[in-house]
Amino acid sequence: MPEITRTIQQATLPLMEDFYTIQGEGYYQGSAAYFLRLGGCDVGCVWCDVKESWDAAAHPQVAVQEMASRVKKSGSPIAVITGGEPVMYDLTALTAAIKSESIRTHIETSGVYPLTGMWDWVCFSPKKFKAPDASIFNRADELKVIVYNKSDFEWAESFAAKVRPACQLYLQPEWSKEKEMLPQIIEYVKAHPQWQISLQVHKYMNIP
């Protein structure tokens, strides 16, 4: 038996929740996608809206093959691995299981640890609460910076200077401060058109 097949059959990860929905943010906004939200996070964003994901021990260990089967059964062409902070784990077996079903693998991460696994799309969303590992800069397809206050624009530019030239650049208002920050983001993007605006449109549509 090939080693990767044995690994897939044996591997488990803490799974907080999984669901088929519409991607609400960033480059693939509006696309059908199956989300796998892994438990466990040590970044500690004060405005995190899924703090219940932080404690990995609070969530059941689920076989990666079972996760891949759920995505396949849904009919989704995309699996989005999110958290929590998914790069806390070795994701090689999970992505191999998903790709064996001919499904695209996307990840949403703050990049605080080196990225493992095989990815079709990497959304890098850095956080001020814990610095990213520098290896993420050359892996990111999309840089999505959450704008909580005015100083975040300069902070976003510091990462835009480090990612690949082809990386898509997004500014997204933090949900609780959207009315305050969105007008500033609009003006910033007009003045710096290399950036685009990302909105959490799934919240407008009242879907997960």
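A few notes on this one:
- Summary value for segment 90-208: 17 percent relative contact order, contacts being C-alpha pairs under 8 angstrom separated by 6+ residues.
- Geometric extent, Cα atoms of the chain - Rg, Dmax (angstrom): 16.9, 57
- Each part reduced to its alpha carbon centroid, segment 102-130 and segment 4-71 end up 12 Å apart.
- DSSP bridge pairs, segment 70-208: antiparallel proportion in percent, nearest 5: 5
- Percent RCO, i.e. relative contact order, over the chain, from Cα pairs under 8 Å lying at least 6 residues apart: 18
- Ranking Ser31, Thr92, Phe159 by how far each Cα lies toward the positive end of the dipole of segment 3-204 (charges on Cβ) leaves Ser31 at the top.
- Couplings 3J(HN,Hα) for segment 21-36, derived from phi with the Karplus relation 6.51 cos²θ - 1.76 cosθ + 1.60 (θ = phi - 60°), are 8, 10, 4, x, 9, x, 4, 9, 3, x, 8, 5, 7, 9, 9, 10 Hz, where x marks Gly and Pro.
- Partners of Lys72 within straight-line reach, counting lysines whose Cα lies under 24 Å from its Cα and excluding those fewer than 8 residues away in the same chain: Lys99.
- With a simple spin-label model that places each label point 7 Å from the Cα along the Cα-to-Cβ direction, the separation between Ser158 and Val46 comes to 1.7 nm.
- Eligible lysines near Lys128 by straight Cα distance, threshold 29 Å, same-chain separation 8 or greater: Lys51, Lys144, Lys150, Lys162, Lys177, Lys179, Lys190, Lys203
Each reported figure results from applying straightforward, stated rules to the coordinates on display, with no laboratory input. In this text, all values refer to a predicted model and were calculated from it rather than measured experimentally. Every residue, glycine as well, gets a Cβ built from its backbone with ideal geometry; the counts of neighbours run over all protein chains shown.
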